[in-house]
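This report refers to the structure that appears directly beneath it.
The values are calculated or read from the model by the stated rules, or taken from the named source; none is laboratory data. Note that the structure is predicted; figures quoted are calculated from it, not measured. Virtual Cβ from ideal backbone geometry, glycine too; neighbours counted across all protein chains shown.
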Amino acid sequence: MTKSQVIFGVGRGNYSFDSLYVRAVERETEIRSLPGAPECILGLALLRGELVPVCDLNKKFNTGNPTPADADVIFVNTADGCLGCTVDKVVEIGAITEDLEVELPYLIRSDSTEYIAEIVTYKGDLITAINQDKLLNAGEKAALEKLLNKEKQKAEKQAAKEAEKQAAKAAKEAEKQAAKEAKEAEKQAAKEAKEAEKQAAKEAKEAEKQAAKEAKKAEKAAANGENE
């Protein structure tokens, strides 16, 4: 059986994630600090609208090396959600077959190395395959979950505050628009009243003129009758 692995370097070693669980590989990722987080957690990164914790694999693997400023970040899906992992460099995506797997030495089996799934040989090098579900231990997961819930509540509170602010702004705009429309309606009504008044005056004048004409005609007819 062949498995596709995303192979990457951290410190002096080469490691890999099963490519089925790799969600994205990002460069120059902005990471926001997360006060109180476990030592191996650098902070939070925004991946397609989702806040994702980022693990510093140099610290996790105790390489003693600082994380490069231009480190790549591999985002993997775990049983507990998405997790970002800073690596020195992404080497390649390689196909590894079962006959290249070697037995995990008993000496490196411990709680602190529970994340090691297996060791494989690839192009003459030993590669440590990582189980992303066990990359963080129970204590780190619990601490991180607590902080993420706090961040979530903070974000929800901020979102509610922003929604309230937007609602108030919309209400103010609606009120302003209503006042504007009322003023326009009042102006239009005044204009129409003036036009109606003008039209009534015109009609009254025409009626008066017609009445005078009719009166004059009647007077003339009366005078003609007397003459006869």
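In region 58-105, how many residues are modelled with pLDDT of 90 or more, over 25 Å from the mean Cα position of the chain (by Cα) and under 16 Å from ASP18 (Cα atoms)?
Summing the residues that are modelled with pLDDT of 90 or more, over 25 Å from the mean Cα position of the chain (by Cα) and under 16 Å from ASP18 (Cα atoms) in region 58-105 gives 2.
Here are GLU208, GLU145, GLU192: which of them is among the charged types (D, E, K, R) and surrounded by 11 or more Cβ atoms within 10 Å (Cβ to Cβ)? Spell out how you get there, then give the answer.
Numbers: GLU208 fails: surrounded by 11 or more Cβ atoms within 10 Å (Cβ to Cβ); GLU192 fails: surrounded by 11 or more Cβ atoms within 10 Å (Cβ to Cβ).
Of GLU208, GLU145, GLU192, the one residue that is among the charged types (D, E, K, R) and surrounded by 11 or more Cβ atoms within 10 Å (Cβ to Cβ) is GLU145.
Out of all the residues in region 1-53, which are surrounded by 12 or more Cβ atoms within 10 Å (Cβ to Cβ), out of contact with any Ser or Thr (no Cβ under 9 Å at 6 or more places or on another chain) and small (Gly, Ala, Ser)?
GLY9, ALA24, ALA37
Condition (residue is among the hydrophobic types (A, V, I, L, M, F, W, C), touching a helix residue (DSSP H, G or I) at 6+ places or on another chain (Cβ under 9 Å) and in contact (Cβ under 8 Å) with a residue 24 or more places away in the chain) applied to region 56-66: is it met by at least one residue?
Of the residues in region 56-66, the ones among the hydrophobic types (A, V, I, L, M, F, W, C) are 57, 61.
Add one more test, that the residue is touching a helix residue (DSSP H, G or I) at 6+ places or on another chain (Cβ under 9 Å), and what stays is none.
No, region 56-66 has no match at all.
On the basis of being touching a Gly at 6+ places or on another chain (Cβ under 6 Å), among the basic types (Lys, Arg) and free of Cβ contacts under 8 Å to residues at least 60 places away in the same chain, does ARG32 make the cut?
Details: touching a Gly at 6+ places or on another chain (Cβ under 6 Å): yes; among the basic types (Lys, Arg): yes; free of Cβ contacts under 8 Å to residues at least 60 places away in the same chain: yes.
Yes.
Pick from GLN199, GLN153, GLN132, GLN177: which is surrounded by 10 or more Cβ atoms within 10 Å (Cβ to Cβ) and touching a helix residue (DSSP H, G or I) at 6+ places or on another chain (Cβ under 8 Å)? Spell out how you get there, then give the answer.
Working: GLN199 fails: touching a helix residue (DSSP H, G or I) at 6+ places or on another chain (Cβ under 8 Å); GLN153 fails: touching a helix residue (DSSP H, G or I) at 6+ places or on another chain (Cβ under 8 Å); GLN177 fails: touching a helix residue (DSSP H, G or I) at 6+ places or on another chain (Cβ under 8 Å).
Being surrounded by 10 or more Cβ atoms within 10 Å (Cβ to Cβ) and touching a helix residue (DSSP H, G or I) at 6+ places or on another chain (Cβ under 8 Å) holds for just one of GLN199, GLN153, GLN132, GLN177, which is GLN132.
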